[in-house]
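Asker: Below is a structure I'd like to ask you about.
The values are calculated or read from the model by the stated rules, or taken from the named source; none is laboratory data. Predicted model, so just to flag it, every value in this text is computed and none were measured. The area values use the complete protein model at the heavy-atom level, side chains included, leaving out ligands, DNA and RNA. Shrake-Rupley method; radii C 1.70, N 1.55, O 1.52, S 1.80 Å.
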Amino acid sequence: MVEKKEIRTQLNNIEIRDDEATGGRVITGYPIVFNKPSENLGGFIEYVESGALKGVSMDSVYLIYGHDFNNVLARNDAGTLKLSIDKTGLLFEATLPNTTLANDVLENIRVGNIRGMSFGFTVADESWEYGKNDDPDIRHVKQIDELFEITLTPIPAYKDTTVAIAKRDAMHKQLSLRSRLEMGIELAKAKEVFNGY
């Protein structure tokens with residue numbers, strides 16, 4: 001089964017380093033934070049577990065603006081993007097080029113127009129806790145399969161994801177079908193006992 005790419009956007013503190021060596025062109029932040037709840041993503045809340053990035057290749061990750069790969073700001077394989085994993089999550093440090101886009105992005109970060117960090121990924125392993133009554137379901141992302149991008153964005157909240165919602169609903173249907181089959185088997189056994197077989 002081909003995993004579909006999912007996008008998450010969250011409010012994040014993006015910092016600009018204003019030292020002489022970098023000319024104020026280095027930015028840092030956390031696009032992924034471990035073990036913190038997302039906003040409600042359309043009926044579920046998501047946690048990215050602390051081991052979810054173990055073994056994930058960071059060699060081809062891009063820092064882009066607005067999820068548009070035409071708006072590349074830095075990339076790992078060019079040496080302009082550094083990624084590291086610590087106890088908080090995925091930390092990035094990027095040196096932005098002297099381009100119109102990067103200059104606009106830097107100014108928008110400085111004045112507070114860009115506050116969000118986002119990431120695009122696929123999931124290799126997950127688990128669900130199903131909410132009771134009107135409580136949302138809880139999704140635990142245990143292992144990320146691929147990380148494609150980290151993104152600077154003006155959207156300061158998580159986006160809904162139809163991919164995860166569809167997967168959750170399919171799992172609900174499987175559980176429901178399994179429950180009906182198990183009840184049917186139990187009923188058949190009870191009938192056999194009742195009829196003396």
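Asker: So, with a 1.4 angstrom probe, what is the percent of accessible area on the stretch 91-131 that is carbon and sulfur? Please list the in-between numbers first.
Answerer: Working: 760 of 1770 Å².
C and S fraction of accessible area: 43 percent.
Asker: Leaving out ligands and nucleic acids, and using a 1.4 Å probe, what accessible area per residue does the stretch 6-158 come to in Å²?
Answerer: Working: 7460 Å² over 153 residues.
The answer is 49 Å² per residue.
Asker: Roll a 1.4 Å probe over the protein heavy atoms and report the accessible area of Tyr65 in Å², nearest 10.
Answerer: Counting only protein heavy atoms, the figure is 60 Å².
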